[in-house]
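**Student:** Structure incoming, see below.
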Amino acid sequence: MNMRILHFNPFDDKTSVGQSISTYISMLQANVGNDVDMEIATSLKDLKKSIYNHSPELLHLYGAWNWKNGMASLLATKKNIRYVYTPYGQLDPWVIHQHYIKHKLPRIILYQKKIVQRAYAVIASGNIEKEKLQELNWNTHLEVLFNPCITSSITHEEFYKKLKTIYQKVLNSRVRQIMKESTKQALSILIKASQIDDIRWINEQEKSIVRETGGNEWNKIAVYAMQEQIADTITKGCNLLCIHPPVMDANQLTCYSPQDSSKKSVAAKRSILQIKKGANNQEIAEYFRAILELIKNKQISVRHLIDFSYLLRFASMEEDKLLQDIEEQKQKKKFQGLMYILAEYTSLEEGFMPIPGEYNGLSKKIQLLIN
């Protein structure tokens, strides 16, 4: 499927800013490839209509000091649509300082700062503009893309190629957040399939969910698997279900990393304990304590959840005794929260859980830590 991008220009063409942005978007439209579906909206009514009719993956906002951009930012956030933002030089210090008290400061407080903060990436038209945006410190995801309408240092073709790379980088980041619910289910089922290694334990509904996953959603699964270092797990699940997903080029997988990604990456490369079939109560309790420590240190990864799910699925435990120990240590709520996450991420069934899962504070914390 094509990348679906919606551009929003709320400025009047009669103004110099509006004319410049219109020229910019028209230039982009003339160079767009067959692999991108591009829509343009110039009013909030058109924007809402385009979102409803075309379900864009990404929104591109332009310019500053326009309340309609603030509304577009809110709408994108509500609809779980990421957006990139090109201020087009309107956040340069000399612009901000013009009529600062009466004009700029109220708008900064009401919407302008939020527009920049909520953007998944902010695109500067040059290195000097990037430096000024860094000084504002409203967003750290800054990119430089020279404008071929005003400089000969970049061709239209080079500009379009780099812009598309920025779009893809945004869409590759924390990709699970923008997966469809059915795609998250398919991912969980593939993890389950890789563990049980027996297609008889995958029911027809589960098979259907995986097989009905669309091409673009498969790309998200592939990106997620490579970033979370579980590509081997997903490949094994696909092989069991005779699914042949698209092969991803590792060079396409640039993304914006979470602040704790370096710590998490190191932790994710290894299992915290030896994983084996027939784990007893002591080994399960030991792994549970290790999981809690990883959560505390913000190092928990999907790999650790997969390992714990496998441990429980093939455990030789005394459930009543384990549950008694959990309650005595006052860890029941935390164990329930973790079981909820294992069901969501690895399709672990209640029959393999010492205690049924329940969504709680620990569940929410894990969801925030894992892409």
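**Student:** What whole-number distance in Å separates the alpha-carbon centres of segment 280-330 and segment 196-258?
**Tutor:** 26
**Student:** Between Thr23 and Glu212, with labels modelled 7 Å along Cα→Cβ, what's the label distance in nm to one decimal, could you check?
**Tutor:** In this crude spin-label approximation the distance works out to 5.0 nm.
**Student:** Efficiency by 1/(1 + (r/R0)^6): what FRET value for Asp46 and Glu327, r their Cβ-Cβ distance, R0 = 41 Å, to the nearest 0.05?
**Tutor:** Numbers: r = 58 Å, r/R0 = 1.41.
Approximately 0.10, to the nearest 0.05.
**Student:** Follow-up. Over segment 1-93, average the accessible area per residue using a 1.4 Å probe and give it in Å², no decimals.
**Tutor:** Values: 4290 Å² over 93 residues.
On a per-residue basis, segment 1-93 sits at 46 Å².
**Student:** Using +1 on the beta carbon of Lys and Arg, -1 on that of Asp and Glu, and nothing else charged, what's the dipole of the chain about the Cα centre, debye to 20? Show your work: numbers first, answer last.
**Tutor:** Working: 49 positive and 39 negative charges, 219 e Å.
Approximately 1060 debye in magnitude.
**Student:** Then there is this: Under a plain spin-label model, where a point goes 7 Å from the Cα along Cα-to-Cβ, how far apart in nm are Lys79 and Thr151?
**Tutor:** For the pair Lys79/Thr151, the computed spacing is 3.2 nm.
**Student:** I'd like the projected area of segment 72-139, averaged over all directions, using the convex hull of its alpha carbons. Report it in nm² with one decimal.
**Tutor:** Working: hull surface 17.9 nm².
Result: a mean projected hull area of 4.5 nm².
**Student:** How high is the FRET efficiency from Glu158 to Gln205, r the C-beta distance, R0 35 Å, rounded to 0.05?
**Tutor:** Values: r = 48 Å, r/R0 = 1.37.
It comes out at approximately 0.15.
**Student:** Right, here's the next one. At 222 nm, what helix-only mean residue ellipticity would the chain give, in deg cm²/dmol to the nearest 500, using -39500 (n - 2.57) for each DSSP H run of four or more? Please list the in-between numbers first.
**Tutor:** Numbers: 17 runs with 194 residues, N = 371.
Roughly -16000 deg cm²/dmol at 222 nm, from the helical runs in the chain.
**Student:** May I ask for the net charge around Ser194, where only other residues with Cβ less than 14 Å from the Cβ of Ser194 are counted and Lys, Arg are +1 while Asp, Glu are -1?
**Tutor:** Residues close to Ser194 contribute a combined charge of -2.
**Student:** Also, quick follow-up: Amide H neighbours of Gly63 under 5 Å, at least 5 residues apart or on other chains, H built in the peptide plane: list them.
**Tutor:** Thr86, Tyr88
**Student:** Straight-line reach only, C-alpha to C-alpha below 18 angstrom: list the lysines that Lys48 could link to, leaving out same-chain residues fewer than 8 apart.
**Tutor:** Excluding near neighbours in sequence, the set is Lys68, Lys78, Lys79.
**Student:** With r as the distance between the Cβ atoms of Phe314 and Glu181 and R0 = 41 Å, compute the FRET efficiency 1/(1 + (r/R0)^6) and round to 0.05.
**Tutor:** Working: r = 28 Å, r/R0 = 0.69.
Plugging the Cβ-Cβ distance into 1/(1 + (r/R0)^6) gives 0.90.
**Student:** Can I ask one more? How large is the accessible surface of His54 in square angstrom, using a 1.4 angstrom probe and rounding to the nearest 10?
**Tutor:** Counting only protein heavy atoms, the figure is 80 Å².
**Student:** OK, next. Over the chain, what percent of the accessible surface lies on carbon and sulfur atoms, probe 1.4 Å?
**Tutor:** 50
**Student:** Could you tell me which of rounded, prolate or oblate describes segment 275-354, using a ≥ b ≥ c as the square roots of the eigenvalues of the alpha-carbon gyration tensor, with rounded for a/c under 1.5 and, failing that, prolate when a/b is larger than b/c and oblate otherwise? Could the numbers behind the result be given before it?
**Tutor:** Numbers: a/c = 1.41, a/b = 1.13, b/c = 1.25.
Judged from the Cα gyration tensor, segment 275-354 comes out rounded (a/c under 1.5).
**Student:** Order these peptides, 71-78, 276-283, by their mean beta-carbon neighbour count within 10 angstrom, highest first. Before the final figure, lay out the partial values.
**Tutor:** Numbers: 71-78: 17.4, 276-283: 14.4.
Ranking, from highest mean packing down: 71-78, 276-283.
The values are calculated or read from the model by the stated rules, or taken from the named source; none is laboratory data. Keep in mind that this is a model prediction, so the values were computed, not measured. Neighbour counts are summed over all protein chains in view; Cβ atoms, including those assigned to glycine, are modelled from backbone coordinates with ideal geometry. Each accessible area value is taken on the protein alone, full model and side chains, heavy atoms only, with ligands, DNA and RNA left out. Shrake-Rupley method; radii C 1.70, N 1.55, O 1.52, S 1.80 Å.
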